[in-house]
1. With more than 23 Å from Ala148 (Cα to Cα) and in contact with a His (Cβ under 6 Å, 6 or more places away or on another chain) as the only criterion, which of Ser47, Ser51 stands out?
2. Out of the stretch 63-93, which residues are assigned to a helix (DSSP H, G or I) and surrounded by 12 or more Cβ atoms within 10 Å (Cβ to Cβ)?
3. Condition first: exposed (fewer than 15 other Cβ atoms within 10 Å of the Cβ) and in contact with a Leu (Cβ under 9 Å, 6 or more places away or on another chain). Now tell me which residues in the stretch 106-123 satisfy that.
4. Filter the stretch 39-58 down to residues that are over 24 Å from the mean Cα position of the chain (by Cα) and either polar (S, T, N, Q) or modelled with pLDDT of 90 or more (or both), then give me how many there are.
5. Go through Gly102, Gly66 for me and flag whichever is in contact with a His (Cβ under 6 Å, 6 or more places away or on another chain) and under 22 Å from Tyr144 (Cα atoms).
6. If I ask for residues that are in a helix (DSSP H, G or I) and either on the phi > 0 side of the Ramachandran plot or polar (S, T, N, Q) (or both), which ones from the stretch 36-62 would you list?
7. Anything in the stretch 109-140 that is in a helix (DSSP H, G or I) and of a type in the set (Val, Ile, Thr)? List them, or say none.
8. Output the number of residues of the stretch 54-97 satisfying the condition of being touching a residue at least 12 places away in the same chain (Cβ under 8 Å), touching a Phe, Trp or Tyr at 6+ places or on another chain (Cβ under 9 Å) and of a type in the set (A, V, I, L, M).
Amino acid sequence: MKYIDWFFNALLDFCIIIAKVMLVVMVLIICIHVLFRYAFNMGIKWSEEISMMLMVYFGFISIAYGVKHNLHLNITIFFNMFPKIIQLIITKLTHIIIFSIGFVLMFFGFILIQSTINNVMTATRLPSAMLYGAVPVSGLLIAYFSFANFIGYRSVYKNIRGEVRQ
């Protein structure tokens with residue numbers, strides 16, 4: 001389990017670095033597009049497609065990060081009223097549902113990529129499948145981290161810089 005956990009944590013770290021870069025690039029592209037639109041009265045044709053693709057990638061990678069660290073929104077008004085055993089059952093059921101969603105994202109993400117590989121986006125002429133590349137990767141990460149949360153596995157590993165992470 002140690003090597004599998006190291007692989008998934010390293011993959012998530014890599015995806016988070018990529019997501020940060022994508023966010024910066026997306027903001028720069030949108031700023032340049034707005035500048036061209038209002039200052040020069042002309043738009044950049046490819047900016048909307050690339051920004052949309054970067055936003056999709058950033059969003060799906062962020063979902064996987066949120067699953068690993070249990071950062072998603074919880075409504076606990078009624079949850080806290082239940083006995084501890086019911087809270088545990090609900091928590092485990094939540095992890096099972098999240099695992100199922102991750103598996104569905106992974107499975108149907110690959111199908112979506114296969115079905116759109118021959119289509120092209122209008123402005124960039126890139127394959128439409130590139131827009132959906134983050135779906136199966138985030139599905140895999142979501143499924144793994146929700147399974148690890150389900151079994152109560154809390155990993156501690158050293159990332160690329162040697163920092164101990166949980």
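1. On the way: Ser51 fails: in contact with a His (Cβ under 6 Å, 6 or more places away or on another chain).
Answer to the check: Ser47.
2. Passing the criteria: Ile63, Ala64, Tyr65, Gly66, Val67, Lys68, Phe79, Gln87, Ile89, Ile90, Thr91, Lys92.
3. Residue satisfying the conditions is Val120 alone.
4. In the first step, residues of the stretch 39-58 are kept if they are over 24 Å from the mean Cα position of the chain (by Cα); the result is 39-45.
Restricting the remaining residues to those that are either polar (S, T, N, Q) or modelled with pLDDT of 90 or more (or both) gives 41.
Final tally of qualifying residues: 1.
5. On the way: Gly102 fails: in contact with a His (Cβ under 6 Å, 6 or more places away or on another chain).
Only one candidate passes the filter, namely Gly66.
6. Within the stretch 36-62, the first condition is being in a helix (DSSP H, G or I), and the residues that meet it are 36-39, 47-62.
Within the stretch 36-62, Ser47, Ser51, Ser62 qualify.
7. Going residue by residue through the stretch 109-140, those that are in a helix (DSSP H, G or I) are 109-116, 128-132, 134-140.
Matches in the stretch 109-140: Ile111, Ile113, Thr116, Val135, Val137.
8. Residues that pass the stated criteria total 4.
The values are calculated or read from the model by the stated rules, or taken from the named source; none is laboratory data. Keep in mind that this is a model prediction, so the values were computed, not measured. Cβ: placed from backbone, ideal geometry, glycine included. Neighbour counts: every protein chain shown.
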